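Peer 1: One structure, pasted below without further comment.
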Amino acid sequence: MVKVRQDAWSHEDDLLLAETVLRHIREGSTQLNAFEEVGDQLNRTAAACGFRWNAEVRQNYEKAIDLAKRQRKQRKQAEKHKLKETSNLKTVQRKPTYTSTQEHPSIDSIIAQLQKLKSNDIRMSTQEVEKLKEENERLKGEKDTLERELEKMHNEYQSLQEDYQTFISIMERARKMVVLDDDSSLSSPTFKMEKNGNLQQIAK
């Protein structure tokens with residue numbers, strides 16, 4: 001069946017992709033296997049999942065990736081220790097000086113240790129997911145706060161623009177009134193002709 005999904009990635013899709021990739025890293029698997037697993041679940045191609053991981057999702061999980069790599073290293077060390085313990089156990093079993101009753105405590109100890117490692121790994125994985133969810137919520141809150149502050153600054157800027165335009169309008173009217181007063185004070189004087197032919201200015 002050909003996978004032809006073309007719709008956008010949701011937050012849940014990105015979270016599934018991140019959790020799957022981190023789990024494969026911890027388990028010593030490859031990212032390609034993780035992409036194929038996510039592709040089967042989301043009906044997408046492994047290439048599409050890989051592109052989404054490298055282009056958008058990976059940068060948000062750098063710390064989680066480092067932690068998963070450390071857990072993978074610890075897992076490998078635990079497996080080596082297990083193999084060493086098993087090898088030593090087989091060597092002891094071949095020695096005739098030990099009885100079967102002496103072997104059981106060592107085997108039970110190994111089983112208990114492996115179960116403890118598995119339990120710790122599952123608990124750390126759950127804690128990582130919760131931590132990532134909390135970080136995502138925190139970033140959403142900061143984004144909403146910044147958007148509100150930007151809206152407030154925009155409104156204040158609009159108010160200042162209106163106040164400035166009002167001030168300019170008032171100054172323009174005042175200037176026109178001053179010009180009209182100056183024109184009226186500079187009107188031409190009036191004269192009258194006397195009998196002797198001289199001009200006399202008439203007082204206003």
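Peer 1: Here are some residues: LEU32, LEU22, LEU42. Which one is surrounded by 18 or more Cβ atoms within 10 Å (Cβ to Cβ) and over 24 Å from SER119 (Cβ atoms)? Don't jump to the end; show me each part of the working.
Peer 2: Details: LEU32 fails: surrounded by 18 or more Cβ atoms within 10 Å (Cβ to Cβ); LEU22 fails: over 24 Å from SER119 (Cβ atoms).
That would be LEU42, the only listed residue that is surrounded by 18 or more Cβ atoms within 10 Å (Cβ to Cβ) and over 24 Å from SER119 (Cβ atoms).
Peer 1: Based on this model, can you work out whether THR126 counts as modelled with pLDDT of 85 or more, hydroxyl-bearing (Ser, Thr, Tyr) and open to solvent by less than 100 Å² (accessible area, probe 1.4 Å)?
Peer 2: Working: modelled with pLDDT of 85 or more: no; hydroxyl-bearing (Ser, Thr, Tyr): yes; open to solvent by less than 100 Å² (accessible area, probe 1.4 Å): yes.
No: the conditions fail for THR126.
Peer 1: So GLU37 fits all but one of (1) farther than 30 Å from LEU117 by Cβ; (2) buried (at least 17 other Cβ atoms within 10 Å of the Cβ); what number is the exception?
Peer 2: Result: GLU37 fails condition (1) only.
Peer 1: Which of (1) under 21 Å from ASN136 (Cα atoms); (2) touching a Gly at 6+ places or on another chain (Cβ under 8 Å); (3) among the hydroxyl-bearing types (Ser, Thr, Tyr) does THR45 not meet, given it meets every other one?
Peer 2: (1)
The values are calculated or read from the model by the stated rules, or taken from the named source; none is laboratory data. Since this is a predicted model, take the numbers as computed values, not measurements. Cβ atoms come from the backbone with ideal geometry, glycine included; neighbour counts cover every protein chain shown. The area values use the complete protein model at the heavy-atom level, side chains included, leaving out ligands, DNA and RNA. Shrake-Rupley method; radii C 1.70, N 1.55, O 1.52, S 1.80 Å.
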